[in-house]
1. Provide the per-residue ³J(HN,Hα) series for segment 327-341, in order, calculated from phi with Karplus coefficients 6.51, -1.76, 1.60 and θ = phi - 60°, each as a whole number of Hz, with x at glycine and proline positions.
2. Say R0 is 51 Å: what FRET efficiency, to the nearest 0.05, do HIS447 and ASN103 get from their beta-carbon distance?
3. Can you give the charge dipole size of segment 347-485 about its Cα centre, rounded to the nearest 20 debye, using +1 on the beta carbon of Lys and Arg and -1 on the beta carbon of Asp and Glu?
4. Non-local amide H neighbours of ILE484 (under 5 Å, H modeled in plane, Pro and chain starts lacking H): which ones?
5. Run the simple label-point estimate for LYS85 and LEU157 please: 7 Å along Cα→C-beta, distance reported in nm.
6. Sorted by mean Cβ packing within 10 Å, highest first, what order do the peptides 13-22, 202-211 take?
7. Of LYS228/LYS290; LYS344/LYS424; LYS228/LYS372; LYS290/LYS396; LYS344/LYS404, which sit over 26 Å apart, Cα to Cα?
8. What is the helix-to-structure angle for 382-394, meaning the angle in degrees between its Cα long axis and the longest Cα principal axis of the chain, kept from 0 to 90 and rounded to the nearest 10?
Amino acid sequence: MQLRVKKLNLSSGGPLIAVVNQDDARQLDIHALDRISIKNKHEIIAAVNIDSGKTVNSGEIGLFEEVVESLRVKSSEIITAKAAKRPLSIAYIKKKLDGEHLNEEEIREIVNDIVANNLSQIELTYFVAGCYSHGLDLDETATLTKAIGESGSRLRLGKKIIVDKHCIGGVANNRTSMIIVPIIAAAGLTIPKTSTRAITSAAGTADTMEVLAEVSLPLKKIESVVRKTNGCIIWGGTLDLASADDKLIRVEYPLSLDPRGILLASVLSKNVAVGTTHMLIDIPIGKGAKVDNKKDAIRLKRAFMSLGNILGIKVKCIITDGSQPIGNGIGPALEARDVMFILKRDSRRPMDLERKSVMMANIILKMARCKKDALDILDSGLAYKKMQEIIKMQGKNDGVELAKYNHEVRSNKNGIVREVNNKKIASIARIAGAPKDIKAGVYLEVHKGDRVRKGDILYTIYSESVKNLDDAVEASKNINAIKID
């Protein structure tokens with residue numbers, strides 16, 4: 001059937017989607033979520049939505065932006081459309097939903113279709129749900145990790161030792177990567193750090209680094225940065241490094257699903273893509289963190305180490321205190337300021353973040369059999385100098401500026417701080433506008449165990465929007481983020 005193109009100016013965020021009028025759908029014998037082959041000079045397979053005629057008339061085909069870009073098609077261009085078979089991977093997704101084991105060929109087929117945008121968000125969600133309900137065994141997880149890691153671009157650095165660190169998340173601030181990378185790079189080791197943007201938090205490492213430097217760089221530029229400085233801090237999604245991982249993460253977030261097998265694959269797949277040989281994994285535990293008890297943390301630690309052994313990566317895991325935020329700033333600019341305070345050896349630096357970063361950096365140095373000391377590198381100014389080199393090479397941004405509007409939240413009684421809830425304090429920062437508003441967030445004045453008096457400042461909320469600030473202030477009254485007894 002020949003149909004006239006109508007650009008819908010809508011984006012799916014990845015999957016290829018076409019909209020067909022119900023009359024044409026009957027002639028093509030297709031139904032919602034069936035597949036359609038669309039052809040001009042190029043050919044793609046897209047998932048179908050059926051329209052009653054309100055948006056797409058008979059004789060037209062509505063195309064989402066991803067399809068328009070793939071076909072390089074123009075408005076009103078005539079294309080050929082016909083029914084197409086569903087991807088094989090859908091049968092494999094159903095198999096996982098039924099609790100069955102997936103072999104290597106089946107997992108790779110699913111990953112290939114994720115990368116090619118051949119699966120709809122619903123189908124991706126079914127895969128994540130199947131992994132959540134029935135789990136992935138070690139063989140499935142290893143295959144998924146390799147398939148994701150090999151699904152996008154790969155860094156070719158030609159180094160015998162490439163190190164990395166990763167935190168499984170759930171702790172506000174905890175911006176250790178931005179301190180560890182310049183320390184390790186200054187020690188002469190190679191550490192290409194691929195980072196994520198915020199999903200549920202007020203800032204990811206990529207969001208925070210972006211305050212200081214460009215994080216969306218082409219592959220050749222990243223390789224150049226690493227060769228000249230020994231390190232980088234970039235957004236992994238830029239290169240389609242382990243590109244299937246980012247698509248799975250977007251599906252996990254709305255339902256707060258984090259299947260253990262996909263978590264393991266997500267962490268290690270990017271290391272497969274950059275050729276990591278030695279890796280330190282931080283597993284914080286505590287209320288509000290992703291793991292809330294030591295038993296589960298030990299189980300996760302063993303799984304990471306077993307998976308690393310299969311993949312040929314030397315993995316070491318540490319279990320750390322994740323019961324409260326680490327550092328003071330929560331939000332991109334505020335977290336970047338904490339990092340620079342530490343690298344510059346400023347008296348305002350958060351010592352808890354410094355201590356954790358130094359401890360982790362020394363473990364990495366020991367793993368790589370480097371005899372240098374992390375604190376010496378910090379105190380000498382070499383880490384700050386290295387960070388400046390990395391920032392310059394990646395492309396310097398405007399630097400740290402805080403939002404123009406702020407509000408101080410004060411204690412209404414005397415007592416001792418018993419809890420600073422990670423999720424709740426991050427929620428206030430997000431309501432204030434973080435991470436989209438990079439200057440917004442929360443700056444903590446107290447931590448667990450501190451004694452406070454009535455009227456003392458607990459934290460300051462920052463925002464570029466008066467409305468967002470008012471909303472965050474109101475939320476702070478209802479969200480008991482800091483408990484005082």
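The values are calculated or read from the model by the stated rules, or taken from the named source; none is laboratory data. No experiment lies behind these values; they were computed from the predicted model shown. In this analysis, Cβ positions are derived from the backbone assuming ideal geometry, glycine residues included, and neighbour counts consider all displayed protein chains. To get the accessible areas, we keep the full protein, side chains included, count just its heavy atoms, and leave off ligands, DNA and RNA. Shrake-Rupley method; radii C 1.70, N 1.55, O 1.52, S 1.80 Å.
1. After applying 6.51 cos²θ - 1.76 cosθ + 1.60, I find x, 10, x, 9, x, x, 5, 5, 6, 5, 5, 4, 4, 5, 4 Hz.
2. Values: r = 49 Å, r/R0 = 0.96.
Calculated transfer efficiency: 0.55.
3. Magnitude of the dipole: close to 440 debye.
4. ARG418
5. 4.2
6. Values: 13-22: 20.8, 202-211: 27.1.
Per-residue Cβ counts within 10 Å, averaged per peptide and sorted highest first, yield 202-211, 13-22.
7. Numbers: LYS228/LYS290 36 Å; LYS344/LYS424 30 Å; LYS228/LYS372 20 Å; LYS290/LYS396 33 Å; LYS344/LYS404 24 Å.
Checking Cα-Cα distances, LYS228/LYS290; LYS344/LYS424; LYS290/LYS396 exceed 26 Å.
8. With both axes taken from Cα atoms, the answer is about 20 degrees.
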